[in-house]
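Taking it in order: structure first as structure tokens, then the write-up.
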Amino acid sequence: MQSSPNLLCCPMSLRAAKSDDMALIHGSNRLPLPEEVRRRVIRKSSSSVDVSPRICRQQSFSRDIGHAAAETYLITRLSFNLLGYLGVGYRWITRLLALACYAMLLMPGFLQVAYLYFFSSQVRRSIVYGDQPRNRLDLYIPPTPTNDGLKPVVVFVTGGAWIIGYKAWGSLLGLQLAERDIIVACLDYRNFPQGTISDMVNDAAQGISFVCNNISAFGGDPNRIYLMGQSAGAHISSCALFEQAIKESRGDSISWSVSQIKAYFGLSGGYNLFNLVEHFHNRGLYRSIFLSIMEGEESFEQFSPEVRLKDPSVRKAASLLPHNILFHGSEDNSIPAEASKTFTDALQAVEVKADLIMYKGKTHTDLFLQDPLRGGKDELFDHIVSMIHADDSDALKNDAFAPPRKRLVPELLLKLAGKVSPF
């Protein structure tokens, strides 16, 4: 495998060579103020009575088609950029072929989710939260009226090996949680090679700040926010949360408070880079590329929450952390289940409330993709919903009578996908 010499020798040089062609898909780069967000929502609702419904539908359809084309172009371009850095070694070719087969087998479900993502009125796509490329988020709004009171909110940071993360990967989770009266904000963030780990953590922190300060304009409760990340997104969101706690403990100026986060949900994440570098190298995310993503081995401690918890100087920051609930499949080969276990132990060692929920026989993608696409009962989904609604007796009652979720992919295809999955 051939890789760019400059990329591997000078990981920090990436910061000076960010890609200018990864422009925001549409709209202004300026961060809107809370009052502007509220006025925008009011204008949208009031203007709908003055404009011909037919014209509105035509304009909305054209906008959705244009947005879909722009998003497809962005993903394709990032994929080719990635291939340019990784080269076309045997291991990557076989994994790409396995990924293509995996995606094709799950395509019946992906198409249904994609249709809802682009055309459902419950999805507000690509809301700008910052001034950097890809500083966007998608909001999934429950179908119930907002006059029922402010709703709990989940801020979700998607995975993707720090390379192919994208906000739309959280669309299935967002749509399903919205059906349970929970608002979901799926954050996009700069991926490698467009950014390195500090950029990703900063983007996540800025996205969380935007939600904390603006979600009430969309019917969300700014004091009932749950932070969640999956795989690489679990690592990034955990780093952002811990860094915010450190700032708060030092008395630094902050735009959001850790106290606004009711709980942290980490799904199939890794929290100690020292323990993961060789594992990823053997899995095909080669050490040289991983070091470039993480800004060199000298940055491992800074971006390893598990390691930082052992530093006595951050004990005050650790005391500010919310309840951490970590979920992991026992048969996860992408990030071993031991990663969540050791992080849980480290949190508990400094008296942070932490729980580990292990799913026997589940792989890296079972919990996040195959099980939700299967429909019916889903242990992970039920765990998350029950925790969010724990203090709401009416919501718990509604959950008990909620209809079973629709199956999106036939069982045979799900089982075949599990066999060929490269994750």
Which order do you get for MET107, MET200 if you rank them by accessible area with a 1.4 Å probe, largest at the top?
MET107, MET200
Using a Förster distance of 51 Å, the FRET efficiency for SER216-ALA349 (Cβ separation, nearest 0.05)
0.90
Mind ranking MET358, MET104, MET294 by accessible surface for me, highest first, 1.4 Å probe?
MET104, MET358, MET294
Expected sort for 382-393, 322-333 on mean C-beta neighbours within 10 Å, highest first, is 322-333, 382-393
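Around LEU326, under 13 Å between beta carbons, what's the net of Lys plus Arg minus Asp minus Glu among the other residues?
Combined, the nearby Lys, Arg, Asp and Glu give -3.
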ILE127, ILE164, reordered so the largest accessible area comes first (probe 1.4 Å):
ILE164, ILE127
Sulfur and carbon atoms: percent of accessible area, the stretch 225-380 [1.4 Å]
47
Simple spin-label model, 7 Å along Cα-to-Cβ: GLU411 to ARG124 in nm?
4.1
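Take each of the peptides 246-258, 344-356, average the number of other beta-carbon atoms within 10 Å over its residues, and list them starting from the highest.
Values: 246-258: 13.8, 344-356: 17.0.
Output ranking for 246-258, 344-356: 344-356, 246-258.
Can you work out the FRET efficiency for the pair LEU111 and THR144, with r the C-beta to C-beta distance and R0 = 22 Å, to the nearest 0.05?
0.25
Local charge sum around VAL350 (other residues, Cβ-Cβ under 13 Å, Lys/Arg +1, Asp/Glu -1)?
Taking every other residue near VAL350 into account, the sum is +1.
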Label-point gap, in nm, between VAL277 and LYS419 - each point 7 angstrom along Cα→Cβ
3.9
Cross-link list LYS362/LYS397; LYS377/LYS415; LYS362/LYS415; LYS316/LYS353; LYS377/LYS397; LYS151/LYS262: which exceed 23 angstrom alpha carbon to alpha carbon?
LYS362/LYS397
For THR94 and LYS247, calculate 0.36 nm times their separation in residues minus their Cα-Cα distance, and state this gained length in nm to one decimal.
50.7 nm
How much length, in nm to one decimal, is gained on full extension between ASP382 and LYS397, taken as 0.36 nm per residue of separation minus their Cα-Cα distance?
4.1 nm
Charge context of ALA204, other residues only, Cβ under 13 angstrom, K/R +1, D/E -1
0
Given 4 °C and 1.567 mPa s, compute D for the stretch 281-397 with the Stokes-Einstein relation, Rh being the Kirkwood radius over Cα pairs; round to the nearest whole µm²/s.
78
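The values are calculated or read from the model by the stated rules, or taken from the named source; none is laboratory data. The model shown is predicted, which means the values in this text are computed figures rather than measured ones. In this analysis, Cβ positions are derived from the backbone assuming ideal geometry, glycine residues included, and neighbour counts consider all displayed protein chains. Accessible surface areas use protein heavy atoms only, side chains included; no ligands, DNA or RNA. Shrake-Rupley method; radii C 1.70, N 1.55, O 1.52, S 1.80 Å.
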